[in-house]
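Trainee: I have a structure here, written as C-alpha cells, and I will follow up with some questions on it.
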There are 2 protein chains.
Amino acid sequence: MAYRAPVDEFRFMFDHVVDLAAVTAEARFAEATPDTVEAVLTEAGRVCDEVLAPTRRDGDLSAARLENGVVRTSPGFDGAYRAIAEGGWVAVSAGEAQGGMGLPAALTTAINDMMSGANLALQLCPLLTQGQIEALEHHASAEMQALYLPKLISGEWTGTMNLTEAQAGSDVGALRSRAEPEDDGSYRISGQKIYISWGDHDLAENVCHLVLARLPGAEAGTRGISLFMVPKYLPKEDGSVGAANGVRTVSLEHKMGLHGSPTAVLSFEDAKGWLVGPEHGGMKAMFTMMNNARLGVGAQGIGVAEGAYQHALAYAMDRTQGRSPVENGTGSIVDHADVRRMLATMKAEIFAARAIAMACAVAIDRGRGAGGAEAQARAALLTPIAKAFGTETGIAVSDLGIQVHGGMGFVEETGAAQFLRDVRVTSIYEGTNGIQAMDLVARKMADGGEAAFALLDEVEAFAETAREHLPDLAAPVWEAAETLRETVEWLVGQGDLNARFAGSMPFLKGFARVLGGYYHLRAAVAESGGARERLARFYIMRLLPEHAGLLAHARAGAEDLYALTPDDLAA
Amino acid sequence: MAYRAPVDEFRFMFDHVVDLAAVTAEARFAEATPDTVEAVLTEAGRVCDEVLAPTRRDGDLSAARLENGVVRTSPGFDGAYRAIAEGGWVAVSAGEAQGGMGLPAALTTAINDMMSGANLALQLCPLLTQGQIEALEHHASAEMQALYLPKLISGEWTGTMNLTEAQAGSDVGALRSRAEPEDDGSYRISGQKIYISWGDHDLAENVCHLVLARLPGAEAGTRGISLFMVPKYLPKEDGSVGAANGVRTVSLEHKMGLHGSPTAVLSFEDAKGWLVGPEHGGMKAMFTMMNNARLGVGAQGIGVAEGAYQHALAYAMDRTQGRSPVENGTGSIVDHADVRRMLATMKAEIFAARAIAMACAVAIDRGRGAGGAEAQARAALLTPIAKAFGTETGIAVSDLGIQVHGGMGFVEETGAAQFLRDVRVTSIYEGTNGIQAMDLVARKMADGGEAAFALLDEVEAFAETAREHLPDLAAPVWEAAETLRETVEWLVGQGDLNARFAGSMPFLKGFARVLGGYYHLRAAVAESGGARERLARFYIMRLLPEHAGLLAHARAGAEDLYALTPDDLAA
C-alpha cells in the first residue's frame, strides 16, 4: 500500500503539543511564517509519497554493492536522491548564508521522520550530511565552511561520520587511526574504520568523511582524539573535485536490513585531511554531530513506525476473516478486539514517541535563542529519550505490524518484514540505546535532576489544569509524574553510578511512558471529545500503567544484578 | 559459537520445578526410569550439538528451493534429518506398539526445545510429524494406523497439516477444499492450501498430508469440515510407496527467516485421500494435532531463545570495551550493568517460559493417567500460555541477543540476526498469539476460572511455605498471584466476550509473569543461596513487577477500545 506522509500530524503537534509558534516568533526565524511551514511540510510530504516511497522495496531487494572498488547504489535511488537534493531537503535548518533555509530544527525533525517512513535506507544519507553540516558550522574554519558547506547543503556532496574501529565501538577512546602533520597545514590520515554508513556511493560527486584520529604524541583515551575532514576527492579552490584521495572501500556489510544503505569498511591510506576544530578537540566536535544525529535517528524510528502502521492498517481494513464480533462492524479484521488493540497501540505509541522527539527539537531551537540554558538542558535531557524511545517504538511497532498481517507478515513480498529488518539497526547505531540510557542517568542527571524536575513541574502543572475537564485522564498522568519524580530523586541520590546504570534502560522507558501520557493529555485537551481524546484514553488507561513496573526496576539498584556472576550466567 | 543443548537445565526442571517423578511413577511409564531419562536427554543433546547445530546457518544461506516441481532442501539437512530419524528422535512419546518409545510428553518437549535451539528450520519437520502421529493415534482406523504410524515414527515418512487457504486463515471454517467420495471408500480431494510447512521436500520417501476439506452437502463453517489423509505417494499394502498422488507444489514462500523450512502452496487435484475420524469431525481431530503442536511451538520459541542467549553470552564474555566499571571484573562487556541486565533478563525469561512449557507437558502426561480431569484442565489452561509466552520469549530474547552484539548484531555473518528472523514466525503459526490469548480468556475460562484458581491456589500455597526462608521473594509472588486472581475473577464476570478479548494478550502476558515468579521461587527454594536464587531475585524484583501494568490493561474492558473507530485509526 502507498505511504502517505503524516503532514497533518505535524501541523497538530506544532499547534497543540509543542508550541512551535513560541520558536518561530523569534526574530531569527522571521522567514518561518505559518505559510512557509505549511508549504515546506506539504511539499516534503509530496516528495516522500511520490518519489521516495516507491523506491523503498527496490533498496531491500537490490542491495548496494561493491564492484571493482566502487559502490553502486540500488535501482531508483539516484533519481530519488536527486529529488531530495534538488528540492533543498538535505538540510533545511542549515544557515542561509551557505544556501540553507535557516528553518527550525523542529521542521528538520518532521522532514526526517517523513522521509524515514518513505525510505529509511536512502534517508540515512542526507541525515549524515546534516550532522556534518552542523559540525562544520560550529567547529570548522571560515575557509573550510565556505568550501564545503554550500556543496553539502545542496546535496552535491554528502557527509559521513568515521568513529568506529573494530576494537573501538562504544568505547570511542580506544581508536587507533593516526594523523601526521604535513608542511602545508594538512595531515596524512591512516587507519581503518568500520560501520561507515553511506561510506561510498555513486549518488553524489564527492563523499566527505569526518574522521576521528590521533595526532603524534596524543594522550590515550578520548582526550587525545582530533577530528579531520577527509574528502574522497580533493576539492579544488573553485569547488570542483580534483584528484582521488587515499580512501579505499574495503568491503560492504551483509546486513539484516537497510540493504539500500551501503555500510562500508573504509581504509584511510595516507589520505589527505584537514583539522576541524582544535587539536585534541575531536570528541567535542563529534558530539555536536552526534547529538544532532541522535535526535535524527529517533525520528528515523518514528518514521518507520509510521510506515509500518499505515501498511498494517491498510491490510487490516482490507482483510476479512470470520464473522464480525461486533454489530455494525466493518467486516474486516479491525473489528476483532486484539487486532484493534494492536493497531491502537501502534498509533498511540507513534504519537508518544513523535511528541517527545518534537519537544526535544523545539527545546533545541529555543536553546539557541530565547530559551537559553534552561532550554538547552531540556534538549540535553530529551535527546537520549527521543533517540532510544523513538527507535524502540520503531522496532516494537514494526513487530506489531508483522503480527497484524498474520502469516502474510512473515512473507517478504508483503513488505511488513522489511520495516522491522530495516529499523532494527536504529537502536544500535549513533550510540546503542544502552549508551543513551547511561547518558540519561549519569551525564543528564549531573545537574542533580534539575532539568528532569523542571519538566515534571510542567507535566504536573498541566495535569492540574486538565483535571477539571478530563479528571480520569489527568489524574493518572499526575500520579505517574509523581512516581517518576520519586525515581529521579532516588537516582540522583545514588553516588555509585552502577546503581543508576543497572536500571537505566527501564528508567528511560518509564520516563518515556510518563511523557507519552503528558503529551497525549495535551492532545486530548486540545481536541476534547474527539479522536485524540479517545486515543489518549487508550494510552493512559492501558499503556501508561506500565510505568510503575519499569520504574520499580529502575530503583532496584545494582547489588542483585552484580550478585549474578558471569559464572551464574553461564551455568 | 557452538550451541550446547541445556541438558542440565531439564534435569533440574524435572527434579525441582515440575516433578516429573510423579508422572514416571505411573505404571504406564515403567520404562522411563531415571537412567532412561538421563540417557535420552544426554544423547538427544549430543545430536543437537554435533549434528543439528552445525547446519543451522546453511539453512539460512541456502533456502529450500522448488526445482521443476520438486523441493530441494538446504545443504546438510539430509544428513541431519537422518540422524534425527535413525536415532528415533522424531516422536519419543509415540506408542511402543508402532515403534515409539512411549516416553512422557515432558521428554518430547525437552527434546523439541533442544533441537529448536540447534536448528529451528529442520526441527519443524519432525514436530509436524509428531502432531500427525498423535492425530492418527486418536482418530485413525486401526488399518490406517498400522500402515502409517511405523513409517511416521521412524521418520521414513513425514507429516504435514493442511488447514489454511488464502481466504481462510485464523477463520478455518471458511475453507473451500472439497472431498468427493469414491466407490472404493476413498475420496477425491481438490483445493489449494497455503503456508504448508515442509509441504514437500527430499528428506523422506513420502510426505503425508492431513487435509481439512468439505464433503458434498456439508454445512458451512467448522461443523462441515472433515479430515483426510492424502499422501504424496500412494502406499502399497506392504508399506512401500507406489504411484504419485495428485498433489502439486505450486510455489514456496520467500520468508523473513526459517529459509531452511520449505513453506509450500499445495494444490490438491483430484488427489486420493482417506477419511480420518468421522465425517464432519475434522476440526476435533485437527485440534488434537494442534494442541500438541501448540506446546511444541512454544518449545520452539524457548529453544531459539536458548540458542540466541548462548550466542550473545559467548560474544559478551569475549568482547572487551572500555575500562571495566567494576573491581575484579572480567574485563569483558559483561561487566557493564546494562549488558549484564540484558543477559540476566534473557536467562531469567528463558527459565520462566521453559518452566511453564514443562508444567504444561507434565499436566498433559498426568491428564492421560492418574491426574484425570483436573490435570487435563491444567494442561488446557497452560497450552495457550506456553505457546504464546514461549514464542514471545523467543522473539524478545533473540532481539536482546542482537542488541548485546551491538553493531555486529545487525551483520548477518554473526548469526545473531538469524535467531530473530527464524523465530519471528512462531508467534504467528499454529494459531497466532492473539488467537491463543482469545482461547485463554474464553474457552479456557468457560469453567468459571476453576482451572486458573486451582493453579493460583498452588502458587499461593507454595509462596506461603517459602515465606519463612525467602520472605523477600515469596511475598511479591504471593501478592502478584492475588492480583492475578482478582483479574481472573473480573474476567469470568464479563458476559461480553469482547470485554475479555480487549485485554486478552496483556492478560496472557501478565499470567505468564506471575507463573514465572512462581517457578523461579521454586528454583530459589531448591537451590537456596545459589545461582538460581540469585536469578530468581533478579526476576522477581525486576520483571515480575510488570504484571501489575499488564493486568490493569487486561481489566480495562472493551468500551474505550471500540470507541476508537476505524476512522479514528485512519485519521
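Trainee: Let me make sure I get this right: for region B:441-566, a, b and c are the square roots of the gyration tensor eigenvalues over alpha carbons, sorted descending. Under 1.5 in a/c it's rounded, otherwise prolate if a/b > b/c, else oblate. Which is it? Can you show the working numbers first?
Mentor: Values: a/c = 3.19, a/b = 2.00, b/c = 1.59.
Judged from the Cα gyration tensor, region B:441-566 comes out prolate (a/c at least 1.5, a/b above b/c).
Trainee: Antiparallel versus total DSSP beta bridges in chain A: what percent is that, nearest 5? Spell out each step's value before the answer.
Mentor: Numbers: 33 of 40 bridges.
If I count the DSSP bridges inside chain A, around 80 percent turn out antiparallel.
Trainee: How about region B:192-239: which trypsin sites (Lys or Arg not before Pro) there lie in a loop by DSSP and see at most 16 other Cβ atoms within 10 Å?
Mentor: Details: sites: B:Lys193, B:Arg214, B:Arg223, B:Lys232, B:Lys236; in loops: B:Lys232, B:Lys236.
Here the sparse-neighbourhood loop sites are B:Lys236.
Trainee: Moving on. Write out the GluC sites (Glu not before Pro) in region A:1-40 meeting two conditions: DSSP loop, and at most 16 other Cβ atoms within 10 Å of their Cβ.
Mentor: Numbers: sites: A:Glu9, A:Glu26, A:Glu31, A:Glu38; in loops: A:Glu26, A:Glu31.
The qualifying sites are A:Glu26, A:Glu31.
Trainee: If you don't mind, there's one more thing I want to ask. Please identify every one of the GluC sites (Glu not before Pro) in region B:165-260 that sits in a loop by DSSP and has no more than 14 other beta carbons within 10 Å of its own beta carbon.
Mentor: Working: sites: B:Glu165, B:Glu182, B:Glu205, B:Glu219, B:Glu237, B:Glu253; in loops: B:Glu182, B:Glu205, B:Glu219, B:Glu237, B:Glu253.
In loop regions of region B:165-260 (DSSP not H, G, I, E or B), the sparsely surrounded GluC sites (Glu not before Pro) are B:Glu182, B:Glu205, B:Glu219, B:Glu237.
Trainee: I would also like to ask the following. Can you list, shortest first in nanometers, how far B:Glu96 lies from the same residue in the other copies, with each label 7 Å from Cα toward Cβ?
Mentor: Those separations, rounded to one decimal, come out as 9.1 nm.
Trainee: How many Å³ per residue does the convex hull of the Cα positions in region B:424-490 occupy? Please list the in-between numbers first.
Mentor: Working: hull volume 7.3 nm³, N = 67.
Enclosed volume per residue, from the Cα hull, is 108 Å³.
Trainee: Follow-up question, since we're still on this one. In whole Hz, with x marking every Gly and Pro, tabulate ³J(HN,Hα) for region A:62-73 from phi via Karplus 6.51 cos²θ - 1.76 cosθ + 1.60, θ = phi - 60°.
Mentor: 10, 4, 4, 9, 9, 10, 6, x, 10, 8, 9, 8
Trainee: Bin all alpha-carbon pair distances of region A:342-443 at 5 Å intervals from 0 and give each bin's fraction as a whole percent.
Mentor: Whole-percent P(r) values from 0 Å outward: 2, 14, 18, 18, 17, 12, 8, 6, 3, 1, 0.
Trainee: Over all distinct alpha-carbon pairs, what is the Kirkwood Rh of the protein assembly as shown in angstrom?
Mentor: On the way: mean 1/r = 0.0327 Å⁻¹.
It is 30.6 Å.
Trainee: If one computes the Cα centroid of region A:529-563 and of region A:65-104, what distance in Å separates the two points?
Mentor: 39
Trainee: In the structure displayed, which of A:Lys347/B:Lys509; A:Lys255/A:Lys347; B:Lys284/B:Lys509; A:Lys347/B:Lys284; B:Lys193/B:Lys284 lie more than 31 Å apart, Cα to Cα? Numbers along the way, then the final one.
Mentor: Numbers: A:Lys347/B:Lys509 21 Å; A:Lys255/A:Lys347 28 Å; B:Lys284/B:Lys509 27 Å; A:Lys347/B:Lys284 38 Å; B:Lys193/B:Lys284 19 Å.
Over 31 Å apart, Cα to Cα: A:Lys347/B:Lys284.
Trainee: Something else: Note down, for region A:41-141, the three equivalent ellipsoid semi-axes (square root of 5 times each alpha carbon gyration tensor eigenvalue), biggest first, whole angstrom. Could the numbers behind the result be given before it?
Mentor: On the way: eigenvalues 120, 64, 21 Å².
In descending order, the three semi-axes are 25, 18, 10 Å.
Trainee: Still on this structure: Tell me the mean residue ellipticity at 222 nm calculated for chain A from its helices only (DSSP H runs of n ≥ 4, each -39500 (n - 2.57), averaged over every residue, nearest 500).
Mentor: Details: 21 runs with 304 residues, N = 571.
The per-residue figure over chain A is -17500 deg cm²/dmol.
Trainee: Taking only the C-alpha atoms, wrap a convex hull around region B:159-282 and report its volume per residue in Å³ as a whole number. Write out the running numbers ahead of the final one.
Mentor: Numbers: hull volume 12.8 nm³, N = 124.
Given the Cα convex hull of region B:159-282, per-residue volume reads 103 Å³.
Trainee: Related question: Find every distance from the label point of B:Gln376 to the corresponding label point in the other copies (7 Å from Cα along Cα→Cβ) and write them in nm, one decimal, shortest first.
Mentor: Label-point distances to the other copies, shortest first: 7.3 nm.
Trainee: Also: Would you list the membrane-span-like helices of chain A, meaning whole DSSP H runs whose alpha-carbon atoms span at least 15 Å along their axis and whose mean Kyte-Doolittle value is at least -1.0? It would help to have the intermediate numbers written out before the result.
Mentor: Numbers: long enough: A:34-47 (20 Å, 0.11); A:105-139 (32 Å, 0.37); A:142-153 (16 Å, 0.63); A:282-318 (53 Å, 0.24); A:337-367 (44 Å, 0.68); A:372-404 (45 Å, 0.56); A:450-466 (24 Å, 0.59); A:471-492 (31 Å, 0.13); A:504-526 (33 Å, 0.53).
Membrane-span-like by this rule: A:34-47, A:105-139, A:142-153, A:282-318, A:337-367, A:372-404, A:450-466, A:471-492, A:504-526.
Trainee: Taking a cut-off of 26 Å, what percent of all Cα-Cα pairs in region B:237-369 are separated by more than that?
Mentor: Details: 4962 of 8778 pairs.
So the pairs more than 26 Å apart make up 57 percent of the total in region B:237-369.
Trainee: Among DSSP bridges having both ends in region B:206-326, what percentage is antiparallel? Round to the nearest 5.
Mentor: Working: 17 of 17 bridges.
The antiparallel proportion sits near 100 percent.
Trainee: Evaluate the Kirkwood expression for the hydrodynamic radius of chain B, namely the inverse of the mean inverse distance over all pairs of different C-alpha atoms, and round to one decimal in Å.
Mentor: Numbers: mean 1/r = 0.0411 Å⁻¹.
It works out to 24.4 Å.
Trainee: Sticking with this structure for a sec: Would you kindly work out, in nm and rounded to one decimal, the distances from the label point of B:Ala244 to those of the same position in each other copy, ordered shortest first, with label points 7 Å along Cα-to-Cβ?
Mentor: Nearest to farthest, the other copies are at 5.4 nm.
Trainee: Which value, to two decimals, describes the C-alpha radius of gyration of region B:102-233 once divided by 2.2 N^0.38 Å? Don't skip to the end; give the middle numbers.
Mentor: Numbers: Rg = 15.6 Å, N = 132, 2.2 N^0.38 = 14.1 Å.
Output field value: 1.11.
Trainee: Could you run the Debye sum over the Cα atoms of region A:312-358, one equal point scatterer each and no solvent, and tell me log10 of I(q)/I(0) at q = 0.29, 0.31, 0.32 Å⁻¹, two decimals?
Mentor: -1.00, -1.08, -1.11
Readers should treat all values here as calculations from the given coordinates under stated rules, not as data from a laboratory. Bear in mind the structure is a predicted one, so any value in this text is a computation, not a measurement. Don't worry about glycine lacking a Cβ; one is built from the backbone with ideal geometry, like all the others, and counts go over all protein chains shown.
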